[in-house]
Amino acid sequence: MQHAVRSRAAIRTGLTPVPRPRTPGVTSLIDADALRVLHRAARALLDDLPDLTDRLMALLREQEPAYRAALTQDPTATWQEAHRSLRHSVASLLDPRGARDAARRCSWRIGAARAEQGLPLDALLHAFRLGGSLVWQRLVEETSRAAPEDVRLLVHVAADVWNFVDEHCTLVADAYRQTEWQIGRRRENRVRQLAAGLLDGTGRIADLPEAARALGLPEHGRYVVVAVAGGPPARPDAARAAVPPGSRVHWHAGAEADYGIVSLGDQDGLPEPHRPEAAQDVPAPVPVPGLRIGVGSPVDGLAAVGDARRLADTALTICPPAGGTVRLADQLPAALVVSSPELGRALAEKVLGPLLRLESADREVLLDTLTTWLDCDGSAQRAGERLYCHRNTVLNRLRRCEQLTGRSLARPADLVEFSLALTARRVLPD
């Protein structure tokens with residue numbers, strides 16, 4: 001809505017024109033007369049500024065739907081904003097240099113404020129152009145009333161007036177976009193803070209409704225966290241298949257891993273209570289070299305997402321360095337071991353110590369045979385097929401393991417210790 005006039009000489013650019021014969025001083029006299037007419041009309045507008053503002057409010061209510069809501073919600077503030085803008089605009093007609101900075105500040109503040117309020121930019125620019133049209137119309141009306149013969153002189157300042165309107169439209173658009181960008185950044189930072197608070201368990205209960213809205217997730221219902229590390233830079237895209245189809249998920253980039261907060265739906269949509277491992281229904285993603293994915297166990301509500309993240313971290317710890325997907329519900333013994341690595345190493349040393357101190361080749365043969373036999377549910381025949389040896393060879397190796405360790409594979413307690421010790425050796429770093 002800002003308007004002002006600059007000297008025509010100030011905007012002349014390009015090559016110097018070839019002089020042509022003319023009556024000396026004619027152009028400068030026309031410019032002076034045009035400015036005199038403009039100033040006379042502008043002073044009249046300044047004296048009648050409240051009426052000019054009322055007319056602009058009526059135009060906005062009639063022609064700009066987005067401003068109708070503003071006029072309904074806070075008519076006084078909207079009127080005062082328009083009044084200030086028109087005052088700076090008309091003052092710029094009278095004193096372009098003196099009023100220029102104040103007019104620019106006013107337009108910038110309006111653009112920033114309207115961006116904060118969420119008024120569409122198109123509506124704001126339309127309002128500024130309506131204000132420009134109204135001021136020009138009133139200048140013509142006032143000149144026609146006071147001195148009709150001088151209306152023709154206004155054409156000499158019209159270009160400058162509309163150039164000033166365009167300048168302020170550009171200014172208000174720049175302020176709007178810059179503020180909109182800042183709002184977006186603040187919103188992104190807030191979303192990140194809320195997600196981080198949920199994942200590390202430091203979020204406040206009072207912030208849960210805001211977190212649910214910001215992340216686009218329900219406050220209640222079942223959740224599972226997926227932890228992703230290694231692999232390509234776009235880790236969430238590579239791990240998308242680890243999320244149940246149709247689930248709502250929010251991805252959060254962490255320092256060492258990315259986390260997906262996955263909504264599994266409401267209680268009624270879950271498997272039966274005797275199957276808490278609902279995350280097992282998550283399909284296995286296509287393997288990506290180096291990409292490690294840990295899927296935790298389900299928890300109830302956003303308030304428990306911190307627990308779900310810790311479970312996902314445990315599953316991620318079990319993942320082999322080469323990559324793969326580990327669901328915690330499928331690896332509970334390994335989860336027990338990595339949850340207490342000191343005890344896990346102590347168990348491995350106590351149970352497997354005599355085997356670990358053998359020569360490298362002998363040690364690996366016995367440990368591999370023992371692991372394969374356990375994986376084959378205690379079948380020497382199947383273990384031999386997998387190891388490309390006779391079943392009797394498998395049995396002989398197993399007997400040697402029993403002799404060296406002083407334990408019996410036929411005793412359930414010893415069998416459990418063997419299994420946990422082998423798991424500790426597999427999942428714990430040396």
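The values are calculated or read from the model by the stated rules, or taken from the named source; none is laboratory data. Because the structure is a prediction, the values reported are computed rather than measured. No Cβ is skipped: glycine too gets one built from the backbone with ideal geometry, and neighbour counts run over all protein chains shown. Each accessible area value is taken on the protein alone, full model and side chains, heavy atoms only, with ligands, DNA and RNA left out. Shrake-Rupley method; radii C 1.70, N 1.55, O 1.52, S 1.80 Å.
What to note about this one:
- Pairs, first under 15 Å from Asp375 (Cα atoms) and touching a residue at least 60 places away in the same chain (Cβ under 8 Å) in the stretch 417-430, second outside any loop (DSSP other than H, G, I, E, B) and open to solvent by 60 Å² or more (accessible area, probe 1.4 Å), C-beta under 7 Å, six or more apart: Ser419/Pro333; Leu420/Pro333; Thr423/Pro333
- Selection of first residues in the stretch 387-402 that are more than 14 Å from Asp362 (Cβ to Cβ) and of second residues that are open to solvent by 50 Å² or more (accessible area, probe 1.4 Å), restricted to Cβ pairs under 7 Å at least 6 apart or on distinct chains, gives the following pairs, ordered by first then second residue: Arg391/Gln381.
- Looking across Ala380, Ala421, one residue alone is more than 18 Å from Leu352 (Cβ to Cβ), small (Gly, Ala, Ser) and either more than 54 Å from the chain's Cα centre (by Cα) or open to solvent by less than 90 Å² (accessible area, probe 1.4 Å) (or both). It is Ala380.
- Residues that are open to solvent by 40 Å² or more (accessible area, probe 1.4 Å) and within 51 Å of the chain's Cα centre (by Cα), drawn from the stretch 31-51: Arg43, Leu46, Asp47, Asp48, Pro50, Asp51
- Those residues of the stretch 296-339 which are over 20 Å from Glu256 (Cα atoms) and among the small types (Gly, Ala, Ser), in sequence order: Ser297, Gly301, Ala303, Ala304, Ala329, Ala334
- Restricted to the stretch 236-297, the set of strands (runs of 3 or more DSSP E) holding at least 2 residues that are at pLDDT 70 or above and either open to solvent by 80 Å² or more (accessible area, probe 1.4 Å) or within 17 Å of Leu198 (Cα to Cα) (or both) comprises 248-253, 258-265.
This table checks each residue for (1) among the charged types (D, E, K, R); (2) without any contact (Cβ under 8 Å) to a residue 60 or more places away in the chain; (3) at positive phi.
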{"position": "Ala127", "(1), (2), (3)": "no, no, no"}
{"position": "Ser133", "(1), (2), (3)": "no, yes, no"}
{"position": "Ala146", "(1), (2), (3)": "no, no, no"}
{"position": "Asp150", "(1), (2), (3)": "yes, no, no"}
{"position": "Leu153", "(1), (2), (3)": "no, no, no"}
{"position": "His168", "(1), (2), (3)": "no, no, no"}
{"position": "Ala175", "(1), (2), (3)": "no, no, no"}
{"position": "Trp181", "(1), (2), (3)": "no, yes, no"}
{"position": "Asn189", "(1), (2), (3)": "no, yes, no"}
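- Scanning the stretch 85-137 for residues that are open to solvent by 30 Å² or more (accessible area, probe 1.4 Å) and among the basic types (Lys, Arg) turns up Arg87, Arg97, Arg100, Arg104, Arg105, Arg109, Arg129.
- Number of positions in the stretch 132-167 that are farther than 30 Å from Trp108 by Cα and among the small types (Gly, Ala, Ser): 3
- Filtered by the rule that a residue be surrounded by fewer than 21 Cβ atoms within 10 Å (Cβ to Cβ) and in contact with a Leu (Cβ under 8 Å, 6 or more places away or on another chain), the stretch 306-319 gives a lone residue, Gly306.
- Subset of the stretch 147-163 (residues that are farther than 18 Å from Leu94 by Cα and among the hydrophobic types (A, V, I, L, M, F, W, C)): Ala147
- Filtered residues of the stretch 320-357 (kept if in contact (Cβ under 8 Å) with a residue 60 or more places away in the chain, open to solvent by less than 40 Å² (accessible area, probe 1.4 Å) and touching a strand residue (DSSP E or B) at 6+ places or on another chain (Cβ under 6 Å)): Gly323
- Some residue of the stretch 167-175 being more than 18 Å from the chain's Cα centre (by Cα), at pLDDT below 90 and part of a helix (DSSP H, G or I): no
- Listed conditions (1) assigned to a helix (DSSP H, G or I); (2) in contact (Cβ under 8 Å) with a residue 40 or more places away in the chain are all met by Val228, apart from (1).
- Taking the criterion of being under 30 Å from Ala312 (Cα atoms) and either under 48 Å from the mean Cα position of the chain (by Cα) or aliphatic (A, V, I, L, M) (or both), the residues of the stretch 350-367 that qualify are Val351, Leu352, Leu367.
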